[in-house]
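Notes for the one structure printed next.
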Amino acid sequence: MQFALVENVVSEPKPGLNGTCKCCGTPMVPKCGRHKIWHWAHKSLVHCDSWWETETAWHRGWKNKFNKEWHEIIHFDTETGEKHIADVKTDRGLIVEFQHSAMKFEELESREQFYKNMVWIVDGCRSDQNAFLFDQGLAGPISVNPDTYSLQWFGSSKIFEDWMQATKPVFLDFGSENLWRLVSFNSATKKGVVELIGRECLVGDITEGRPLAQIGPAELSSNLTPPLPPQADSPQLSLWAGGPGLK
Ligand SMILES: [Zn+2]
């Protein structure tokens, strides 16, 4: 983790410090090596949050775009007592989760149900070829403002298929200055639609609490040129009915 409590003060890791976990209150030790980013680790070696993902430079780079007071916020469910550590929670209550690794659908669903008001920012570059293949398959724009593009996915990765199961907005980061919100994806044809948003624009929108998702498959199919997003009988579309893409 980026922060632990040192004498009750939220602190970043430095050699020689002793900390306690903000979430579970157990001892934490600073890990300040050369290879991994500096972080706090539970002395017990067991992380108290089963959803926690080992942080990479990608995670830390993203988190540091936001106010540090919003990092690693403990989120409670007052009814069940369940608690988890949100990567970022803004002062308006929006949770931003940065996800590098693939995740089972059950966990994705649980995290969305737990946090409710949230968006995902997903590392699209966990496979070396993904960014290249994404560029190869992109065509358009097929609409302007919002700027949407069609996508033919040539890769073997299930990144689009998997993230299409999300009911909260998903922004894919392929390492360029732009991010891509996943609007639709048909796993049978491997065709989809993505919406372009500048990296810094997204950070500004999240920080200022502006609406993040402007268009969903229903709008696309009614007023855009082909290639069309999933048809009305496709399972993908039903996931979007009244979903966050339209809010
Ligand atoms: Zn803990």
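The values are calculated or read from the model by the stated rules, or taken from the named source; none is laboratory data. Just so you know, these numbers come straight off a predicted model, no measurement behind them. Methodologically, a virtual Cβ is constructed for each residue, glycine included, from the backbone with ideal geometry; neighbour enumeration extends over all protein chains shown.
This table checks each residue for (1) surrounded by fewer than 16 Cβ atoms within 10 Å (Cβ to Cβ); (2) within 14 Å of the chain's Cα centre (by Cα); (3) assigned to a helix (DSSP H, G or I).
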| site | (1), (2), (3) |
| --- | --- |
| F160 | no, yes, yes |
| A166 | no, yes, no |
| L172 | no, yes, no |
| W180 | no, yes, no |
| T189 | yes, no, no |
Any hit, the range 9-22, residues being within 16 Å of the ligand (Cβ to nearest atom) and assigned by TED's automatic domain parsing to the domain that holds R199: no
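Please go through the range 23-36 and pick out each residue that is more than 9 Å from the ligand (Cβ to nearest atom), part of a loop (DSSP other than H, G, I, E, B) and touching a strand residue (DSSP E or B) at 6+ places or on another chain (Cβ under 9 Å).
Scanning the range 23-36 gives a single hit, C32.
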Residue check for T54: among the β-branched types (V, I, T), more than 16 Å from the ligand (Cβ to nearest atom) and surrounded by fewer than 16 Cβ atoms within 10 Å (Cβ to Cβ): no
Subset of the range 159-193 [within 18 Å of D123 (Cβ to Cβ) and without any contact (Cβ under 8 Å) to a residue 12 or more places away in the chain]: none
Some residue of the range 82-99 being surrounded by fewer than 17 Cβ atoms within 10 Å (Cβ to Cβ) and within 16 Å of the ligand (Cβ to nearest atom): yes
